[in-house]
Amino acid sequence: MASSAGLLQESWNKIRNDVDTALQQYVEVAPGCPEELRRAMAYSLLAGGKRLRPILVLLACDACGGDVDAAIPAACAIEMVHTYSLIHDDLPAMDDDDLRRGQPTNHVVHGEAAAILAGDALLTLAFEIMARDVQPPAVAAACCADLAAAAGRAGMVGGQMADLQAESTTAPTLTQLENIHRRKTGCLLTGALTLGGRIAQADDDAVNALTNYGRCLGMAFQITDDLLDVSGDAATLGKNPGKDAAQGKLTYPALLGIEESRNRARDMIDEACRWADHFGERGRQLEAMARFVLERDH
């Protein structure tokens, strides 16, 4: 039987190529942008990666019967937001990492100041693209609001702050851990799905199904990430493993153990697949994506 990754491979490659082409065009056509800033932006944005979030935008749009090409700007925008978060996460004041996507981190190559500004520029460019290139304007406005909420103070950024604060927690709880990663990881993954649904002008039931699918997928993705930090290697991961334990991070394996963490991830993926059933045959790619998240090795 073909693996979930195998079932996704053809569409994955096409989506990645389409998104990579669009990202390159967005970051290379930069009137008025200082060249060193443009290079720092391109260095991280075009370094590859799974492109999971833009793929989810396009799969969600397709599942809702929308025009996938019309969702390319939103897919690029959310990848820019994700990349900005990685650049800032790697800084010495945050996780202090020197390897990302198999290459030296942005601040190692371009310096801390340029790395900070590159992240800032990618974040703001994301909203410029959404407001200008997503149509009609009412959908663009809704997408901007969704992405801002997913990435902001009560979403990804709030989750990052809670994650930093948890390093000094003496008696962590599962509720605390889930709240951190629902915001830090889950909000942006869920936001990717709702962007695709908005562009397809999906009804409330479809958006609700996408939101719940994203909630489950985000939790499983983070659990798997925590497990890979324990068992993975730098060559495969493209980043340094073992950092969570070294920094005293609150993780699923540390709190629940490896086997219980794996069981919880499987349960979350099973639930995500049930939500994908809402879309019938159009939801099969979402189901395959969920299985891939569980099976991935990087």
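The values are calculated or read from the model by the stated rules, or taken from the named source; none is laboratory data. Everything quoted here is computed from the prediction, not taken from an experiment. Neighbour counts run over all protein chains shown; Cβ positions are idealised from the backbone, glycine included. When the accessible area is computed, the model is the full protein with side chains, heavy atoms only, and any ligands, DNA or RNA have been set aside. Shrake-Rupley method; radii C 1.70, N 1.55, O 1.52, S 1.80 Å.
Could you list all residues from the range 77-96 that are touching an Asp or Glu at 6+ places or on another chain (Cβ under 7 Å) and surrounded by 22 or more Cβ atoms within 10 Å (Cβ to Cβ)? Answer for the range 77-96, where residues must be touching an Asp or Glu at 6+ places or on another chain (Cβ under 7 Å) and surrounded by 22 or more Cβ atoms within 10 Å (Cβ to Cβ): just Asp90. Would you confirm, using the coordinates I've provided, whether Ala145 is crowded, with 21+ Cβ neighbours inside 10 Å and modelled with pLDDT of 95 or more? Here the answer is no, as Ala145 does not meet what is asked. Annotation: of all residues in the range 97-138 being assigned to a helix (DSSP H, G or I), open to solvent by 60 Å² or more (accessible area, probe 1.4 Å) and acidic (Asp, Glu), the one that is nearest to Ala151 (Cα to Cα) is Asp120. Scanning the range 67-76 for residues that are part of a helix (DSSP H, G or I) and surrounded by fewer than 23 Cβ atoms within 10 Å (Cβ to Cβ) yields Val68, Asp69, Ala70. Candidates Cys143, Cys61: the one that is more than 16 Å from Leu23 (Cβ to Cβ), in a helix (DSSP H, G or I) and touching a Lys or Arg at 6+ places or on another chain (Cβ under 8 Å) is Cys143.
For the range 165-214, the tally of residues that are of a type in the set (Gly, Ala, Ser), outside any loop (DSSP other than H, G, I, E, B) and either open to solvent by 20 Å² or more (accessible area, probe 1.4 Å) or within 25 Å of Gln135 (Cα to Cα) (or both) stands at 7. Contact map, the range 156-168: first residue touching a residue at least 12 places away in the same chain (Cβ under 8 Å), second residue of a type in the set (A, V, I, L, M), Cβ cut-off under 6 Å, separation 6 or more or different chains; pairs are Met156/Leu188; Gly159/Ile180; Ala162/Ile180; Asp163/Ile180; Ala166/Leu250.
Whenever a residue of the range 246-259 is under 9 Å from Asp226 (Cβ atoms) and buried (at least 17 other Cβ atoms within 10 Å of the Cβ), its partners that are at pLDDT below 90 and of a type outside the set (Val, Ile, Thr), lying with C-beta atoms within less than 6 angstrom and at least six residues away or across chains, give the pairs Thr251/Asp244. For Thr211, state whether it is touching a helix residue (DSSP H, G or I) at 6+ places or on another chain (Cβ under 9 Å) and hydroxyl-bearing (Ser, Thr, Tyr). Criteria met by Thr211. Of everything listed in (1) buried (at least 18 other Cβ atoms within 10 Å of the Cβ); (2) closer than 23 Å to Thr105 by Cα; (3) not polar (S, T, N, Q), the single unmet condition for Arg38 is (1).
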